[in-house]
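Report on the following structure.
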Amino acid sequence: MKSGPILIGIPGTRLDAESREQLAHPAVGGVVLFSRNFEDSEQLDVLISDIRAARDPRPLICIDQEGGRVQRLREGFTRLPPLGALGKLACSDPHKALDMAYRHGRVMATEMLACGIDLSFAPVLDLDQGSCVIGDRALSGNPSEVVRLGRAYLAGMHDSGMKTTGKHFPGHGSIAADSHLDDVCDSRSYDEIFRSDLLPFRELAPGLDALMIAHVVYPDVDLLPAGYSSRWLKDVLRGDLGYRGVIFSDDLGMHAAKAVGGLVERTRLCLEAGCDLVLVCQPEDVKELLSVLDGGLPEAGAAITRLYGRPTVNRAELVEVEREGIKEWRRWRQSLEELGYQEEANG
């Protein structure tokens, strides 16, 4: 069986017959997990084992475990602060902020890999410049600071054995509207975007194994949202920036993704524009798309294989580390949780 380019969401904490059938569909190559798929670590082990057994080659298993308000797995995992807490720390202690950025990436990725998840879509490289959906998910409003802290975060992920995914290219943080709920248009000139929001993606591109594309229209470049735009993906990203990593769409069920038609049209246009893998996260959208998809999508095995996790420890070993009281690991987890509590206390 070949791997297809669609990563799907599943409805619950068990792999039901319908989800198992969807995973075996030739257009599918993996799964995106959400909080709805998690009860506890033991249940998660069973679910991931069942997902992996549902198709061969092995499916790619992904999640959003950014920290702060976007952390899908909580009970039994380190309570991660939002990335914005690192940027605030950098204002008073820039060297400590670098260390904490590395710890954040290393701890997050280690915990995800240890339970069988290949990839967390991280880090956010948008700027904190007024977006209601980005905000403290961003490292900073200063592009140079995003580059500095982002580089440390990427190193932590890589040292854990996880590939990295910068998002949301070419930048979602400077527009207030939320692409989950609204159409989003950034009317600035390409030159202005190039000097600001695009800077972290340009500078960190050599360390990014994947990029996720924003459902935002930048009319100075193209009237299509960036994820459907060959001008953004082929001309700018692949051509001008020389990027050679994997390209993800964002979820095709989001409001701003619907501008080009139904799910089949969205999927095909993303792939034709230059996306390697597309996300369809809501179970009702998965059912609708796979019921009418008539094949003809590109094979995605090479892209998926590049993103498999290479864990350095398994979950049993992490449990043993906690039981034995290994000071460094415990100190790293505690320091991240303390930073999160400080962020909450400061409002």
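General observations
- Number of the exception - residue 116 against (1) under 30 Å from residue 13 (Cβ atoms); (2) in contact with a strand residue (DSSP E or B) (Cβ under 8 Å, 6 or more places away or on another chain); (3) buried (at least 21 other Cβ atoms within 10 Å of the Cβ): (3)
The rows are residues; the columns are (1) touching a strand residue (DSSP E or B) at 6+ places or on another chain (Cβ under 7 Å); (2) without any contact (Cβ under 8 Å) to a residue 40 or more places away in the chain; (3) closer than 26 Å to residue 161 by Cβ; (4) not basic (Lys, Arg).
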site: 196; (1), (2), (3), (4): no, no, no, yes
site: 204; (1), (2), (3), (4): yes, no, yes, yes
site: 244; (1), (2), (3), (4): no, yes, yes, no
site: 247; (1), (2), (3), (4): yes, yes, yes, yes
site: 252; (1), (2), (3), (4): yes, yes, no, yes
site: 256; (1), (2), (3), (4): yes, no, no, yes
site: 261; (1), (2), (3), (4): no, yes, no, yes
site: 267; (1), (2), (3), (4): yes, no, no, yes
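- Scanning the stretch 78-123 for residues that are farther than 25 Å from residue 31 by Cβ and not in a loop (DSSP other than H, G, I, E, B) yields a total of 19.
- In the stretch 86-103 there is no residue that is free of Cβ contacts under 8 Å to residues at least 40 places away in the same chain and buried (at least 23 other Cβ atoms within 10 Å of the Cβ).
- Residue match in the stretch 124-131 (condition: in contact (Cβ under 8 Å) with a residue 40 or more places away in the chain, part of a helix (DSSP H, G or I), crowded, with 21+ Cβ neighbours inside 10 Å and under 15 Å from the mean Cα position of the chain (by Cα)): no
- Checking the stated criteria, residue 265 turns out not to satisfy the condition of being over 15 Å from residue 213 (Cα atoms) and surrounded by 14 or more Cβ atoms within 10 Å (Cβ to Cβ).
- Per the listing 319, 313, the residue uniquely surrounded by 12 or more Cβ atoms within 10 Å (Cβ to Cβ), touching a residue at least 24 places away in the same chain (Cβ under 8 Å), among the β-branched types (Val, Ile, Thr) and farther than 21 Å from residue 212 by Cα is 313.
- Top-ranked residue of the stretch 191-230 - restricted to ones that are among the aromatic types (Phe, Trp, Tyr) and crowded, with 23+ Cβ neighbours inside 10 Å, ranked as nearest to residue 153 (Cα to Cα): 201
- Checking each residue in the stretch 234-272 for being hydrophobic (A, V, I, L, M, F, W, C) and within 20 Å of the chain's Cα centre (by Cα) picks out 237, 246, 247, 248, 252, 254, 256, 257, 270, 271.
- Restricting the stretch 269-310 to residues that are free of Cβ contacts under 8 Å to residues at least 24 places away in the same chain and assigned to a helix (DSSP H, G or I), the residue that is nearest to residue 60 (Cα to Cα): 302
- Residue under evaluation residue 168, criteria (1) assigned to a helix (DSSP H, G or I); (2) closer than 18 Å to residue 232 by Cβ, criterion not met: (1)
- Test: residue in the stretch 54-76 that is of a type in the set (D, E, K, R), over 30 Å from residue 342 (Cβ atoms) and over 20 Å from the mean Cα position of the chain (by Cα): yes
- Enumeration of residues in the stretch 323-337 that are surrounded by 12 or more Cβ atoms within 10 Å (Cβ to Cβ), more than 23 Å from the chain's Cα centre (by Cα), not polar (S, T, N, Q) and not in a loop (DSSP other than H, G, I, E, B): 329, 330
Bear in mind these aren't lab numbers, they're just calculated from the coordinates by the rules spelled out. Source: prediction; values computed, not measured. A quick note on method: Cβ atoms are made from the backbone with ideal geometry, for glycine too, and the neighbour counts reach across all protein chains shown.
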